[in-house]
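Here it is, the structure, as structure tokens.
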Amino acid sequence: MDLATVNAKIKGNHLLIETTLQLEKDFLTVGINFDIAKPVMDYKHLFSFTTNLVNALNEQDPKRIINLLYRIDLSEEKVQAEMQISTLTFSELLAELIVKRELQKVILKNYYSNPENQ
């Protein structure tokens with residue numbers, strides 16, 4: 001995928017929409033309803049919603065966070081390493097890592113589903 005295509009997708013919010021759908025799918029597989037109001041207009045709103053959800057989840061059922069991390073392929077070691085260098089709260093950092101990982105999955109999926117990249 002060339003830079004022009006990436007820029008066009010970002011401008012068209014395609015990556016934001018697909019990332020939101022990926023988050024909904026992966027949260028639901030561990031029994032968590034990712035019920036964000038649509039349309040999601042920017043990543044800041046998506047990070048904020050995810051932070052609030054992670055914070056509530058951390059207070060109510062922290063084991064589900066571990067299940068979610070496993071589901072989205074985000075290692076506990078990576079989270080712990082990032083915690084050592086970050087100034088964010090635990091929930092903010094975890095939300096950021098989760099959204100970025102889901103965005104990465106969307107970008108890779110789009111890249112490899114394009115026949116030009118095969």
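The values are calculated or read from the model by the stated rules, or taken from the named source; none is laboratory data. For clarity, every value in this text was computed on a predicted model and none was experimentally measured. Note that we place each Cβ from the backbone using ideal geometry, even for glycine, and neighbour counts take in every protein chain shown.
Of the conditions (1) in contact with a helix residue (DSSP H, G or I) (Cβ under 7 Å, 6 or more places away or on another chain); (2) modelled with pLDDT of 95 or more, Leu57 satisfies every one except a single condition; which number is it?
Result: Leu57 fails condition (2) only.
Can you confirm whether region 88-105 contains a residue that is of a type in the set (A, V, I, L, M), over 12 Å from the mean Cα position of the chain (by Cα) and either closer than 18 Å to Lys25 by Cβ or assigned to a helix (DSSP H, G or I) (or both)? So that I can check it myself, show each step before the final result.
Filtering region 88-105 for residues of a type in the set (A, V, I, L, M) gives 88, 93-95, 97-99, 103.
From what's left, over 12 Å from the mean Cα position of the chain (by Cα): 88.
Now restrict to residues that are either closer than 18 Å to Lys25 by Cβ or assigned to a helix (DSSP H, G or I) (or both): none.
No: zero hits.
Among the listed residues Ile36, Ile32, identify the single one that is assigned to a loop (DSSP other than H, G, I, E, B) and in contact (Cβ under 8 Å) with a residue 24 or more places away in the chain. Before the answer, list the steps.
Working: Ile36 fails: in contact (Cβ under 8 Å) with a residue 24 or more places away in the chain.
It is Ile32.
Still on this structure, I have one more. Out of (1) over 19 Å from Ile32 (Cα atoms); (2) among the hydrophobic types (A, V, I, L, M, F, W, C); (3) surrounded by 11 or more Cβ atoms within 10 Å (Cβ to Cβ), what's the single condition that is false for Leu74?
(1)
A follow-up question, please. Just give me the residues in region 37-85 being under 16 Å from the mean Cα position of the chain (by Cα), within 20 Å of Gln104 (Cα to Cα) and of a type in the set (A, V, I, L, M), in sequence order.
Within region 37-85, Val40, Met41, Leu46, Val54, Ile65, Ile66, Leu68, Leu69, Ile72, Leu74, Val79 qualify.
When both residues are 6+ apart or on different chains and their Cβ atoms are under 6 Å apart, which pairs have a first residue that lies in region 42-71 and is farther than 16 Å from Leu88 by Cβ, and a second that is surrounded by 19 or more Cβ atoms within 10 Å (Cβ to Cβ)?
If the second residue must be surrounded by 19 or more Cβ atoms within 10 Å (Cβ to Cβ), the pairs left are Leu57/Ile65; Arg64/Leu57; Arg71/Asp26.
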